[in-house]
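Read-outs: derived from the displayed coordinates by stated rules, not from any lab. Worth saying up front: this structure is predicted, and the values here are computed from it rather than measured. Because the Cβ atoms are built from the backbone with ideal geometry, glycine has one as well, and the counts that use them run over all protein chains shown.
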Amino acid sequence: MAIVKPASCGDRSPVPEADPSDQPSRVLKTIFGLSGFRGEQQAIIEHVVAGGDAIVLMPTGGGKSLCYQIPAICRDGVGIVVSPLIALMRNQVDILRQLGVRVATLNSSLTGGERQKAKTALRDGKLDLLYVAPERLMMPDFLEMLDGARIALIAIDEAHCVSQWGHDFRPEYLQIADLAARFPGVPRIALTATADRQTREDIRRRLKLDNARRFLASFDRPNIRYAVMPKTEPRRQLMSFLKTRQGESGIVYCLSRKSVDESAAGLQASGIRALAYHAGLDAGIRSRHQDAFLKEEGLILVATIAFGMGIDKPDVRFVAHLDLPGSLEAYYQETGRAGRDGLPAETLLLYGMQDLVLRRSMIDQSQAPPEIKRIERAKLDALLGVCETSSCRRQALLAHFGEARAEPCGNCDTCLAPVETWDGLIAAQKAMSAARRTGERFGVGHLIDILLGANTDKIRRFRHERLPTFGVGKEFSRQVWGSVFRQLIVQGALSVDHDHFGALKLTPRGEQILRGREGISFRRDHATRTAAATVAKTSERIDLGKNDAQLFAMLKAERAYLAKTQNLPGYVIFHDETLVAIAKARPHSLVELATIPGMGTTKIERYGMNVIDVIAAFEQPDHPDDGMDD
Ligand code: ADP
Ligand code: ZN
């Protein structure tokens, strides 16, 4: 269906326009139904509408899509969008069609007929946006199609795919510069949520965007709450985290396929709707599970990191990591999949000694060159630093991305429940003396056995019951000692020697502490504090009174019905945010409805009456037995 472009939009007509600067905001209002731009969106859009090149760095959920969609609608011709994943394209196209935007895709999943239709629309100038998979870019028939078309702009989504530095390198992305060279004068906009310097540099160089203006948004995601806990009993910790989030969509990340399968089965056995997703599953199953996650409400996807890139589901309410993520970048990207709609979302990361040792040994034993290993170790240390911090997590995270934040955030576990620290000198000395007196040849488990005075084969075999350190640590539990050792490693007092089965060795800093020349303090681990206690309850998150909540539920049911009949995810019809606003404002006419965020012209035309009817039904005085008695 064709959209009617707002009168002042676009066409470089000879008639001077009243105020060209208001064009994008009119598109924002009438088509997208949004009342204002976020952050740098307006500056970016105006720059591109005026024909400038741009590199846009914005966190996941920051609102990158509008930055090229609106200029493509405002400028004459079609906007070409290069996008790496078919699922992502499909999602964008569904959303845009619901808004009445004229959009098509070209990728390998299309039938001949669909492709022909897209071609015809392009030739006739009837497209605002065309999403293309990178491998199509330099195909002769595609180029032929473009030659006859008028091009508004070229957008390069997930532009970090051009860089070999990250994990998402796509060689086809290197051809984008050639494409651009064929269409000189067409503005280009490259967008990514990956912010490190090397990647930025690669984007500029490889896409030949030397004159592009760079827009760097804050990477803060204020609606996401961060929480990190020591991993003690992951299954129980997860259950307690999930307890208050029934009926919400979320992702649970695990490191291995096996743990994905086990965790998904465990949740199912507890009556929780969960599906597994990892590269070892049959492609059909994988895509079925992904589809269910996108379309159904309240489903949990348990996944390896194979899942996620290009998943644009806006209403993911939580992301839990049962194992340490690969790096802070990965952690930030994975948690960033929560709360794209701007509503409150929570995260939970469980990390334990085993993870740490495993990850260290993976790095040590890899065949990578020493330089890469050094980077990997530094990345792991940065991640652990955030895990072990006793101050604001968000400050620590943003600092890692080069953003200084003056105040603690008030929306992370350490801000909400300040961490106690304790003077750990004596404990540290006992722990390290156990290591020292056994020749620095043993791992954590055995050293804790010595401290606790345990009677094991290994203790007897090595005659460790004769050591002066034997049994000197009975004041603490095994768990507390685990925490002490973990923090000694993270704080650089002990190092793990993987060539000798994880033996713990004293570092120079450890030496200083052992001799009492330097102090050390530890975070108190709240093993008893449940995960749920550190994160908000559902009712606190979606801020609705009881009455409004009932209407909200009715609106959600209507949305589910509308979505199901069109085989679309619910959020493509309305975001939760829109339904919350409707439930609060209770509009009684289409005019009133138009003031709700997310209600653009096309949405009102299609679904306005459904919404009004739901509200009317809700407000109707409830007389179930009327007329029956007499
Ligand atoms: P990104 O691609 O940066 O991850 P999206 O473009 O998918 O983010 O946008 C994330 C969410 O924010 C979407 O649900 C979108 O509708 C919403 N959004 C974007 N810009 C605005 C705005 N100016 N006002 C309200 N919502 C917005
Ligand atoms: Zn904080």
Would you mind calculating the gained length between Ala585 and Lys258 on full extension (0.36 nm times residue separation, minus the Cα-Cα distance), in nm to one decimal? 113.0 nm
Taking R0 as 35 Å and r as the Cβ-Cβ distance between Ala181 and Arg214, the FRET efficiency 1/(1 + (r/R0)^6), rounded to the nearest 0.05, comes to 0.95
Have a look at the DSSP beta bridges in the chain and tell me what percent are antiparallel, nearest 5. 15 percent
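Is the stretch 224-413 rounded, prolate or oblate when judged by the Cα gyration tensor, a ≥ b ≥ c being the square roots of its eigenvalues, rounded requiring a/c under 1.5 and prolate requiring a/b larger than b/c?
On the way: a/c = 1.66, a/b = 1.24, b/c = 1.34.
Taking the square roots of the gyration eigenvalues as a ≥ b ≥ c, the stretch 224-413 is oblate.
Would you mind ranking Trp481, Trp422 by Cβ crowding within 10 Å, fewest neighbours first? Could the numbers behind the result be given before it?
Working: Trp481 21, Trp422 10.
Ordered from fewest to most neighbouring Cβ atoms within 10 Å, Trp481, Trp422 come out as Trp422, Trp481.
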The stretch 94-167 to the stretch 306-375: how many Å between their Cα centroids? 32 Å
Using a cut-off of 12 Å between beta-carbons, work out the net charge of the residues near Ser521 (Lys and Arg +1, Asp and Glu -1, Ser521 not included). -2
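Summing -39500 (n - 2.57) over the DSSP H runs of n ≥ 4 in the chain and dividing by its residue number, what mean residue ellipticity at 222 nm do you reach, to the nearest 500 deg cm²/dmol?
Values: 28 runs with 278 residues, N = 630.
Result for the chain: -13000 deg cm²/dmol, rounded to the nearest 500.
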Could you calculate the FRET efficiency of Leu110 with Glu233 from 1/(1 + (r/R0)^6), where r is the beta carbon distance between them and R0 is 56 Å, rounded to 0.05? 0.70
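Arrange the following residues from fewest to most other Cβ atoms within 10 Å of their Cβ: Asp202, Asp413.
Values: Asp202 20, Asp413 25.
Exposure proxy ranking, most exposed first: Asp202, Asp413.
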Can you pull the one-decimal nm distance between simple spin-label points at Glu518 and Gln367, each 7 Å off the Cα toward Cβ? 3.7 nm
Taking a crude spin-label model, label points 7 Å out from Cα along the C-beta direction, the Glu619 to Ser390 distance in nm is 5.6 nm
Under 13 Å, Cβ to Cβ, from Gly439 - net charge with Lys/Arg +1 and Asp/Glu -1: +3
Candidate lysines for bridging to Lys29, where Cα separation is under 18 Å - those fewer than 8 sequence places away on the same chain excluded: Lys5, Lys64, Lys603
Residue by residue through the stretch 84-90, what is 3J(HN,Hα) from phi via Karplus (6.51 cos²θ - 1.76 cosθ + 1.60, θ = phi - 60°)? Round to whole Hz and write x for glycine and proline. x, 10, 5, 4, 5, 4, 4
What are the ³J(HN,Hα) values, in whole Hz, obtained from phi via the Karplus relation 6.51 cos²θ - 1.76 cosθ + 1.60 with θ = phi - 60°, for each residue of the stretch 487-492 in sequence order, with x given for Gly and Pro? 6, 5, 5, 4, 7, x
Taking +1 at the Cβ of each Lys and Arg and -1 at the Cβ of each Asp and Glu, which of Cys161, Thr438, Ile448 sits farthest along the dipole of the chain towards its positive end, judged by Cα position relative to the Cα centre? Thr438
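If contacts are Cα pairs under 8 angstrom and at least 6 residues apart, what is the relative contact order of the stretch 369-492 in percent? Before the final figure, lay out each step's value.
Details: 105 pairs, mean separation 25.1, N = 124.
It rounds to 20 percent for the stretch 369-492.
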Can you compute 3J(HN,Hα) from phi for each residue in the stretch 118-123, using the Karplus curve 6.51 cos²θ - 1.76 cosθ + 1.60 with θ = phi - 60°, rounded to whole Hz and x for Gly and Pro? 4, 4, 4, 4, 5, 4
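Using r as the Cβ-Cβ distance of Arg461 and Glu135, and R0 as 56 Å, what FRET efficiency do you calculate, to the nearest 0.05? Working shown, then result.
Numbers: r = 61 Å, r/R0 = 1.09.
It comes to 0.40.
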Order of Ser35, Ser163, Ser361, Ser259 under a 10 Å beta carbon neighbour criterion, fewest first: Ser35, Ser361, Ser259, Ser163
So which aspartates and glutamates pass the test for Lys373, namely a Cα distance under 19 Å, with those fewer than 8 places away in the same chain ruled out? Asp196, Glu329, Asp355, Asp364, Asp381, Asp497, Asp499
